[in-house]
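Chemist: Below is a structure I'd like to ask you about.
Readers should treat all values here as calculations from the given coordinates under stated rules, not as data from a laboratory. What you see is a predicted model; the values in this text were computed from it and never measured. Backbone-built Cβ (ideal geometry, glycine too); neighbour counts: all protein chains shown.
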Amino acid sequence: MDMMKIYGAEFTNLEKALKLQSGKHLVHASNIANVSTPKYQALEYSFEKNLKEVYSEKGDAGFLTKTNPNHLSPYSPPKIKKSNDPISRIDGNNVNIDKELTNVSKNNFDYNSTLAFLTSKYALLKYAMSSEG
């Protein structure tokens, strides 16, 4: 029995969630790094919107299938947009450091939760394949 046929989609979905959460972290890190940059406009990364796009109307796993080795890999970069937060500083920068640090903390919790869930799935699979299972 091919175990990836049984568990493959779930592992793939968790992997995609981790990649999207990593992307979200990079956006928040960029905003924090540019907190003192004049005229910098904070960026937003909607995990929910990106996740919906990955799985919307594109087939089983949400990605196109590469049918020819000469085709480019079907990759759609995540949607990142400028924040609509009002500019509250004289230098034109609209990064709210408190909001960004809160978002990093929340995203860190979400990422670690997803990772713990994925780790538990691997542990369960390992147990099932061991002599004890």
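Chemist: How far is it, in nm, from the label point at K126 to the one at K99 when both lie 7 Å from their Cα along the line to the Cβ?
Modeler: Output for this residue pair reads 4.2 nm.
Chemist: So if each residue of separation counts as 0.36 nm, and I subtract the Cα-Cα distance between A9 and T37, what length gain in nm does that give? Could the numbers behind the result be given before it?
Modeler: Working: separation 28, 0.36 × 28 = 10.08 nm, distance 4.24 nm.
Extra length from A9 to T37 when fully extended: 5.8 nm.
Chemist: Hey, which of these cross-link pairs are over 27 Å Cα-Cα: K19/K39; K79/K126; K49/K126; K49/K99; K16/K121; K16/K39? Can you show the working numbers first?
Modeler: On the way: K19/K39 29 Å; K79/K126 36 Å; K49/K126 34 Å; K49/K99 20 Å; K16/K121 15 Å; K16/K39 33 Å.
Those over the limit are K19/K39; K79/K126; K49/K126; K16/K39.
Chemist: If I model a spin label at T119 and K49 as a point 7 Å from the Cα along the Cα→Cβ vector, what separation in nanometres do I get?
Modeler: So the two model labels end up 3.2 nm from each other.
Chemist: If you don't mind, another one. Using a 7 Å offset from the Cα along the Cα-to-Cβ direction at both N108 and S88, what is the distance between the two label points in nm, to one decimal?
Modeler: 2.2
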